[in-house]
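The values are calculated or read from the model by the stated rules, or taken from the named source; none is laboratory data. Everything numeric in this text was worked out from a predicted model, so none of it was measured. Because the Cβ atoms are built from the backbone with ideal geometry, glycine has one as well, and the counts that use them run over all protein chains shown.
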C-alpha cells in the first residue's frame, strides 16, 4: 500500500516537472515544421509515390461523395495544374496553417494549398468519400507521419 502511494506521488512529480518542457516543445515545433516544409520542393501529384513524404500544391475542390450526405471527415480533393488529384483527409492533420503561419480553418473550394505528408494508395474500403477512380493517392496524417495543410 505504501509503495503504491510512493509510486503515484513520484509519477505526479515527474509529470509536473515535465510540463514546462512539453509546453515549450509544443510552442516551438510548429514553426520548425513550417520552416522544413517551406524548404521542401513541390512534387507534381502525378509523380508522387505512396509511402514517401512529399509536398504537393494545388487547388481545393469540393468532394463528390458516393453517399448523399456530405463527408463528416472534412475530406477534400486537391487538384494540381496538370489535372491530377489527391484526396486529403485533414481530420487527423497535425496542422492547418494560413500563409502567415497562424492556425487556420479547413480550406474551402477554390483555395490554393500546399499539402505535406506521406501519401498512401487509395483503398476502396477506407476511402468511401471517393465517387470515381480519378484519385490514386490519399493524404491522411498519423502520429508517425503527420499531415500539414498550408494555405497559400
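Points worth noting:
- All conditions in (1) assigned by TED's automatic domain parsing to the domain that holds residue 142; (2) modelled with pLDDT under 90 hold for residue 30, with the sole exception of (1).
- Meets criteria (modelled with pLDDT under 90, surrounded by 14 or more Cβ atoms within 10 Å (Cβ to Cβ) and more than 24 Å from residue 99 (Cα to Cα)) for residue 65: yes
This table checks each residue for (1) within 19 Å of residue 144 (Cα to Cα); (2) touching a residue at least 12 places away in the same chain (Cβ under 8 Å); (3) surrounded by 11 or more Cβ atoms within 10 Å (Cβ to Cβ); (4) touching a strand residue (DSSP E or B) at 6+ places or on another chain (Cβ under 6 Å).
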| site | (1), (2), (3), (4) |
| --- | --- |
| 4 | no, no, no, no |
| 11 | no, no, no, no |
| 24 | no, no, no, no |
| 33 | yes, yes, yes, no |
| 43 | no, yes, yes, yes |
| 52 | yes, yes, no, no |
